Amino acid sequence: MKKGLVYTMLPSELSHADRCKMARDTGFEVVQAPTTPDEHAAEDIKNAAGKANLIVDSVMNLDHWQYPLSSSDPAVVEKSLAGMRTSLHNAKLWGADAVLLVPAVVNPQTSYRDAWTRSQSQIRTLIPLAAELEVLIAIEEVWNRFLLSPIEMDKYIREFESPWIKAWFDVGNVLLYGYPQDWIRTLGKNICKLHVKDFKRKEDGYGWVNLGDGDADWPEVRKALAEIGYSGSLIAELKGGGEAYLRDVSRRMDRLLLGRA
């Protein structure tokens, strides 16, 4: 399993070259880069990662929250689809094999059933491009009032009947109402990528915390990952910080997920 982090955890005031070098120097092998419509900026990220011997592992699609595929407005949906097309082409340029997608948002205007059917319909239009570029569309469970159980998420993904639709599992996102190890065992081989973060739900604290400071049962998470034979990336999605902080995150991932002292 390769250890990584989301690109936005790196200091934004640094150049792409310095950000990539810092990621590698602090112990990370891969990064998840954001959707980058500017071709020159995308090339800069590619060159900076290559120079630092850092792999751009995946793409964090950016338009799916503001412009959800589940919207009833065709203009909103097209904006979302355009963002995914850009993300898929970014992935091909960078050598990444997956794009993270929040598939839908349930709200007063969009029912659960409509979120399901509309999003699946739109995602199906993206599968030919994903197949052409050989890039997975990885569905993530987030706080969008959608895909609220592992059984449901597994069903949603299987209904596509496509090898290009997989699950992006986020350990921290289910801690408020479930157990990561249960989700991992249920989703099984459908999981292609993993976000790593921790959440505290006890009376003496509530909210996002650093790895190991929350309620995730990391030995059980590690055991579940071993049971399904997971060998993909482990990508930290935490607040940003400087070199000392990133080294600490790297060490926590070594201890909690990779079983290293």
Contact list, first residue from segment 96-125 and on the phi < 0 side of the Ramachandran plot and touching a residue at least 12 places away in the same chain (Cβ under 8 Å), second anywhere and open to solvent by less than 10 Å² (accessible area, probe 1.4 Å) and assigned to a helix (DSSP H, G or I), beta-carbon distance below 6 Å, six or more apart or interchain, is Val99/Ser87; Val99/Leu88; Val99/Ala91; Pro103/Ser119; Ala104/Ala115; Ala104/Ser119; Val106/Ala115
Selection within segment 203-228 - open to solvent by less than 80 Å² (accessible area, probe 1.4 Å) and either part of a loop (DSSP other than H, G, I, E, B) or under 13 Å from Met9 (Cβ atoms) (or both): Gly205, Asn210, Leu211, Gly212, Asp213, Gly214, Asp215, Ala216, Asp217, Ile228
So, Ala167, is that one touching a Cys at 6+ places or on another chain (Cβ under 6 Å) and either closer than 17 Å to Ala224 by Cα or touching a residue at least 60 places away in the same chain (Cβ under 8 Å) (or both) or not? no
Evaluation of Glu161 against (1) on the phi < 0 side of the Ramachandran plot; (2) assigned to a loop (DSSP other than H, G, I, E, B) (one fails), failing number: (1)
Sole residue being surrounded by fewer than 21 Cβ atoms within 10 Å (Cβ to Cβ), assigned to a helix (DSSP H, G or I), in contact (Cβ under 8 Å) with a residue 60 or more places away in the chain and of a type outside the set (A, V, I, L, M, F, W, C), chosen from Thr86, Thr8: Thr8
Which of the numbered conditions does Lys21 fail, given that it passes all the others? Conditions: (1) open to solvent by less than 50 Å² (accessible area, probe 1.4 Å); (2) of a type outside the set (A, V, I, L, M, F, W, C); (3) modelled with pLDDT of 95 or more. (1)
What about Ser231, is it open to solvent by less than 10 Å² (accessible area, probe 1.4 Å), under 21 Å from Lys3 (Cα atoms) and either among the polar types (S, T, N, Q) or assigned to a loop (DSSP other than H, G, I, E, B) (or both)? no
Looking only at segment 34-48, decide whether some residue is in contact (Cβ under 8 Å) with a residue 60 or more places away in the chain, under 19 Å from the mean Cα position of the chain (by Cα) and at negative phi. no
Just checking, which of Lys46, Lys21 is under 23 Å from Ala130 (Cα atoms), charged (D, E, K, R) and assigned to a helix (DSSP H, G or I)? Lys46
Top-ranked residue in segment 170-185 [being crowded, with 20+ Cβ neighbours inside 10 Å and free of Cβ contacts under 8 Å to residues at least 60 places away in the same chain; ranked as nearest to Trp143 (Cα to Cα)]: Asn173
Pairs where the first residue, in segment 204-224, is at negative phi and the second is in a helix (DSSP H, G or I) and open to solvent by 70 Å² or more (accessible area, probe 1.4 Å), C-beta under 9 Å, 6+ apart: Leu211/Arg255; Trp218/Arg255; Ala224/Asp182; Ala224/Arg185
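The values are calculated or read from the model by the stated rules, or taken from the named source; none is laboratory data. Note that the structure is a prediction, hence the values are computed from the model and not measured. Don't worry about glycine lacking a Cβ; one is built from the backbone with ideal geometry, like all the others, and counts go over all protein chains shown. To get the accessible areas, we keep the full protein, side chains included, count just its heavy atoms, and leave off ligands, DNA and RNA. Shrake-Rupley method; radii C 1.70, N 1.55, O 1.52, S 1.80 Å.
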